[in-house]
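Colleague: Encoded as structure tokens, here's the structure I'll be asking about.
The values are calculated or read from the model by the stated rules, or taken from the named source; none is laboratory data. For clarity, every value in this text was computed on a predicted model and none was experimentally measured. With ideal geometry, Cβ positions are generated from the backbone for all residues, glycine too; neighbour counts draw on all protein chains shown. Note: accessible area is taken over every heavy atom of the protein model, side chains too, but ligands, DNA and RNA are not part of it. Shrake-Rupley method; radii C 1.70, N 1.55, O 1.52, S 1.80 Å.
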Amino acid sequence: MSRIPVVTLDGPGGVGKGTLGRLLARDMGWHLLDSGAIYRALALAAERAGIQRDDEAGLVQLALNLPLRFRGEAEQTQVLLQDEPVDEAIRTPHISVLTSQIAAIPAVRTALLQRQRDFAQAPGLVADGRDMGTVVFPEASLKVFLTASAEERGKRRLNQLMEQGISANLASVVAEIAERDARDQQRSVAPLRPAADARILDTSGQTVVETYRVLQSWVKTALQENRNRH
């Protein structure tokens, strides 16, 4: 893993990880790992198979054999579950909650660990998630932890839901975000937190362009430092 340059983008939902990750992967010509999509697809597959969230053995077996693949380039990737596009199905509020619950199970995270690490291929990888820098790629070239205010994250999430034709209100969305944050931060394995050597990037009140410029400069510096060391 250490020979392949990896940039990790961690943080809670609604901070811009997905958008920034796609832009960076596109501009660098690198691979992209949307780890959240893997967990979401697992939650959807479990729901469809009738596997309950407390059936640890069933979930682990499903995780090890998940018929999941990604199609397309980094900027426009389709998530396929048994060859069915499920991009919208995995981003409903119900699946979001179920994903967070399933992702808190240590054995499930272990089952998906190597699958995520296998994405690290030449020329490089941008990995977006919640434990990319702390657990999955601890030797990453650059680790970034993104944050934003709860209200701003709520507004972004509300806009996403409205675009999908899902009705919601800001108060309930913010409450759901806070609940998921607490669950992710308090889980026993791979809790949501910055890696000790991560750089913190607050996207509150920033445009995508402004945030991306900062990220690009950090990546450039980190890769140059890596080249100098080797």
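Colleague: Report whether or not ALA127 is at pLDDT 95 or above, surrounded by 16 or more Cβ atoms within 10 Å (Cβ to Cβ) and part of a loop (DSSP other than H, G, I, E, B).
Modeller: The answer is no for ALA127.
Colleague: Also, quick follow-up: Step by step: first the residues of region 106-126, then only those that are touching a residue at least 60 places away in the same chain (Cβ under 8 Å) and of a type in the set (A, V, I, L, M, F, W, C), then the one that is nearest to VAL144 (Cα to Cα). Which residue is that?
Modeller: Selected residue: VAL126.
Colleague: Exactly one of (1) surrounded by 20 or more Cβ atoms within 10 Å (Cβ to Cβ); (2) touching a strand residue (DSSP E or B) at 6+ places or on another chain (Cβ under 7 Å); (3) farther than 19 Å from ILE200 by Cβ is unmet by ILE4. Its number?
Modeller: Of the numbered conditions (1) surrounded by 20 or more Cβ atoms within 10 Å (Cβ to Cβ); (2) touching a strand residue (DSSP E or B) at 6+ places or on another chain (Cβ under 7 Å); (3) farther than 19 Å from ILE200 by Cβ, the odd one out for ILE4 is (1).
Colleague: Go through (1) charged (D, E, K, R); (2) more than 20 Å from LEU42 (Cα to Cα); (3) free of Cβ contacts under 8 Å to residues at least 12 places away in the same chain one by one and return the number of the condition GLU152 breaks.
Modeller: GLU152 satisfies every listed condition except (3).
Colleague: Now for a different question. I need the helices (runs of 4 or more DSSP H) fully contained in region 140-230, keeping only those with at least 1 residues that are loosely packed, with under 13 Cβ neighbours inside 10 Å, at pLDDT below 90 and among the aliphatic types (A, V, I, L, M).
Modeller: 150-163, 170-186
Colleague: Going through region 97-124 one residue at a time, which ones are among the small types (Gly, Ala, Ser) and either assigned to a helix (DSSP H, G or I) or closer than 21 Å to THR77 by Cα (or both)?
Modeller: Within region 97-124, SER100, ALA103, ALA107, ALA111, ALA120, ALA122, GLY124 qualify.
Colleague: Going through GLU75, GLU84 one at a time, which residue ends up being over 25 Å from GLU151 (Cβ atoms), modelled with pLDDT of 95 or more and open to solvent by 60 Å² or more (accessible area, probe 1.4 Å)? Give the steps one after another, and end with the answer.
Modeller: Values: GLU75 fails: modelled with pLDDT of 95 or more.
Result of the check over GLU75, GLU84: GLU84.
Colleague: Here is a follow-up. If you go through region 60-87, how many residues are part of a helix (DSSP H, G or I) and within 29 Å of ALA25 (Cβ to Cβ)?
Modeller: Final tally of qualifying residues: 3.
Colleague: Among the residues of region 63-70, is there at least one that is over 30 Å from LEU158 (Cα atoms), surrounded by fewer than 19 Cβ atoms within 10 Å (Cβ to Cβ) and free of Cβ contacts under 8 Å to residues at least 12 places away in the same chain?
Modeller: Looking through region 63-70, at least one residue is over 30 Å from LEU158 (Cα atoms), surrounded by fewer than 19 Cβ atoms within 10 Å (Cβ to Cβ) and free of Cβ contacts under 8 Å to residues at least 12 places away in the same chain.
Colleague: Just checking, does region 91-111 include any residue being touching a Pro at 6+ places or on another chain (Cβ under 8 Å), open to solvent by 60 Å² or more (accessible area, probe 1.4 Å) and closer than 27 Å to ALA140 by Cα? Lay out the reasoning, then the answer.
Modeller: Start the filter on region 91-111 by keeping residues that are touching a Pro at 6+ places or on another chain (Cβ under 8 Å), which leaves none.
No: zero hits.
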